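The values are calculated or read from the model by the stated rules, or taken from the named source; none is laboratory data. The shown structure was predicted, so the numbers you read here are calculated from the model rather than taken from an experiment. Cβ: placed from backbone, ideal geometry, glycine included. Neighbour counts: every protein chain shown.
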Amino acid sequence: MVDQAWYYNNIRITITGITEDGESILPRLQPLNTSTVTQFFGNTKPIWNVQCYVVGYLDKESLLALRDGTAYTLSGYGSVQGNFKLNSMQVEWTQSYRQTFRTDKPDTDSVYRTTLELYKE
Amino acid sequence: MKLDAVVNDVTNIESITVSDAHNSPTSTAALKVGSTTLIVGDPITVELGYDGVTTKVFEGFVKQIDKTVPDNTLLITAQNIMIKAVEFFIASSTPDNPFTRFNISAEDLVEDLLDLADITNYVSDTSNFTFAIFNPMEINLISSFDICKTIADILAYSVWADRDGVAHFEDRRPNPMGGDSSIATIDSNTVYNIIGNTYRKSDRDLRNRIVVYGAPGITAVAEAESPHLPTGYRKTVVVASQWIDSQSMAQDAADFNLDKLNRLTEEVAVEVIGDPVYDARKVLTIDEDFTGVDGDWYIFSVEHKWSSAGYLTSMELRR
């Protein structure tokens, strides 16, 4: 059976949602006597905001250590989703009595509600 | 419109600025790029345009490369071929035998001086102005460009290099002249590309009394009333050169410069949607309804600015 779980650089994360942002660079110039002129300068590579849970202090620290400008693999649904650089990571330590996200880990491990801002390569 | 730029041996171009001016020895290009295989001294050409159609706006040599962190971008600074004359300092290997010319036309003299700096692609007007008729002209310890500029100033000429790398020594005044043809029309009724402009009329550069000091005993004066100054009001400029060694040459120099300088300067600073056709020392036509500056204008300076903020061309126009 294919592993459906999500991993960022082989660190297990439990995804609750992903948003993707991308934009064109369209400078708008305003001549004196007519409508706006739009020029196309290119487009940005997508930015993924990944909302997820991370279980365990060591996994949380391992993710934070990925803020080094290197692109790491994000995989999920049994396939590679792309290579991403970790730009920022927001971590909220949740109040949990017993975690059940990861049965391979002690149920007393800490649970972190996390948002990863990932730059797609 | 999709912005396009073509530059040899660079990738990931972030911005390009190319500037040139009537009174500037060289044109300059500044490029911010992600990476390059260019090194200092390499030839570089810059083309700008839209939708895959680009036009050369600069040809020159890389003079400096700056690497900036943390964004890891490279800033390349380049100047056109005239920089070779600016930096070629004429210093004879044998001080007793300096560069010497005798009875030589101004255009041939400038050609020889630029040739010293290895600038051989050269065109000129026929000046009918001869130096060193009676005494040999010895040139030493001055840059090739400086002496060419001095000669140009005596004749009210200009010396420059164009975007194709050709050096010019011509009767090119900083205003539209007879025989000029317009390279483009900025027409607010059909081509809506003016972003903004300002207009100024000034006697700042007006001179109506020219005094020429030549070789010992050679002087000449040319003066005239200006319709823009009170009667008898004189603004004087001096042209001094030991190489003017005939009275007729001195008088010609005075007359040429009076004709060039005894005029009111009208200036328009205009910014338009970027177009590589605009080039310094060319003439364009304006037909617009905002400030009423219709007519032919000389492009005194031009700056092409190409970046994620768009492609804009700023110009200072004069007549």
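For region B:291-319, the candidate set comprises residues that are hydrophobic (A, V, I, L, M, F, W, C) and more than 30 Å from A:Phe41 (Cα to Cα); within that set, the residue that is surrounded by the most Cβ atoms within 10 Å (Cβ to Cβ) is B:Trp297.
Suppose we keep only residues that are β-branched (Val, Ile, Thr) and either surrounded by fewer than 16 Cβ atoms within 10 Å (Cβ to Cβ) or within 11 Å of chain B (Cβ to nearest Cβ) (or both) within region A:36-53. Which one would you say is nearest to B:Asp4 (Cα to Cα)? Step by step, filter region A:36-53, then rank; the result is A:Thr38. Inside region A:10-35, residues that are within 11 Å of another protein chain (Cβ to nearest Cβ) and over 16 Å from B:Leu3 (Cα atoms) make up a count of 6.
Residues in region B:7-24 that are closer than 30 Å to B:Asp153 by Cα and surrounded by fewer than 21 Cβ atoms within 10 Å (Cβ to Cβ) were compared, and the one that is nearest to the other protein chains (Cβ to nearest Cβ) is B:Thr17. Residues that are under 24 Å from the mean Cα position of the chain (by Cα) number at least 1 in the following strands (runs of 3 or more DSSP E) confined to region B:206-278: B:209-213, B:236-240, B:265-273.
For every residue, the table says whether it meets (1) of a type in the set (Val, Ile, Thr); (2) over 16 Å from B:Ser105 (Cβ atoms); (3) more than 14 Å from chain A (Cβ to nearest Cβ).
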position: B:Leu116; (1), (2), (3): no, yes, yes
position: B:Phe129; (1), (2), (3): no, no, yes
position: B:Ile142; (1), (2), (3): yes, yes, yes
position: B:Cys148; (1), (2), (3): no, no, yes
position: B:Asp153; (1), (2), (3): no, yes, yes
position: B:Val159; (1), (2), (3): yes, no, yes
position: B:Gly165; (1), (2), (3): no, yes, yes
position: B:Ile183; (1), (2), (3): yes, yes, yes
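All but one of (1) touching a residue at least 24 places away in the same chain (Cβ under 8 Å); (2) out of contact with any Phe, Trp or Tyr (no Cβ under 8 Å at 6 or more places or on another chain); (3) within 30 Å of B:Leu3 (Cα to Cα) hold for A:Leu64; state the number of the condition that does not hold. All conditions pass for A:Leu64, except number (3).
Residues checked against (1) touching a His at 6+ places or on another chain (Cβ under 7 Å); (2) in the same structural domain as B:Lys56 (by TED's automatic domain parsing); (3) closer than 27 Å to B:Ser105 by Cα; (4) among the small types (Gly, Ala, Ser):
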position: B:Asp245; (1), (2), (3), (4): no, no, yes, no
position: B:Asp279; (1), (2), (3), (4): no, no, no, no
position: B:Leu284; (1), (2), (3), (4): no, no, no, no
position: B:Asp287; (1), (2), (3), (4): no, no, no, no
position: B:Gly292; (1), (2), (3), (4): no, no, no, yes
position: B:Tyr298; (1), (2), (3), (4): no, no, no, no
position: B:Glu303; (1), (2), (3), (4): no, no, no, no
position: B:Tyr311; (1), (2), (3), (4): no, no, no, no
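Checking each residue in region B:171-201 for being buried (at least 18 other Cβ atoms within 10 Å of the Cβ) and within 14 Å of the chain's Cα centre (by Cα) picks out B:Arg172, B:Arg173, B:Pro174, B:Asn175. B:Glu87 falls short of the stated requirement of being crowded, with 18+ Cβ neighbours inside 10 Å, within 22 Å of the chain's Cα centre (by Cα) and acidic (Asp, Glu).
If you take the residues in region B:279-305 that are under 28 Å from A:Arg28 (Cα atoms), assigned to a strand (DSSP E or B) and of a type in the set (Asp, Glu), which one is farthest from the other protein chains (Cβ to nearest Cβ)? Going through the qualifying residues, I end up with B:Glu303. None of B:Asp96, B:Asp71, B:Asp4 is acidic (Asp, Glu), loosely packed, with under 14 Cβ neighbours inside 10 Å and farther than 30 Å from B:Val110 by Cβ except B:Asp71.
Quick grid of which residues meet (1) touching a Leu at 6+ places or on another chain (Cβ under 9 Å); (2) more than 13 Å from A:Tyr119 (Cα to Cα); (3) of a type outside the set (S, T, N, Q):
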| position | (1), (2), (3) |
| --- | --- |
| A:Asp21 | no, no, yes |
| A:Leu26 | no, yes, yes |
| A:Leu29 | yes, yes, yes |
| A:Leu32 | no, yes, yes |
| A:Phe41 | yes, yes, yes |
| A:Lys45 | no, no, yes |
| A:Asn49 | yes, no, no |
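Is it the case that A:Lys85 is within 14 Å of chain B (Cβ to nearest Cβ), surrounded by 16 or more Cβ atoms within 10 Å (Cβ to Cβ) and over 30 Å from B:Ile273 (Cβ atoms)? When the stated conditions are applied, A:Lys85 passes them. Scanning region B:3-39 for residues that are in contact with a strand residue (DSSP E or B) (Cβ under 7 Å, 6 or more places away or on another chain), within 22 Å of B:Ala85 (Cβ to Cβ) and not in a strand (DSSP E or B) yields a count of 3. Out of B:Gly217, B:Gly165, one residue alone is loosely packed, with under 15 Cβ neighbours inside 10 Å and outside the structural domain of B:Arg281 (by TED's automatic domain parsing). It is B:Gly217.
For region B:42-55, filtered to residues that are over 17 Å from B:Thr77 (Cα atoms) and in a strand (DSSP E or B), the residue that is nearest to the other protein chains (Cβ to nearest Cβ) is B:Tyr50.
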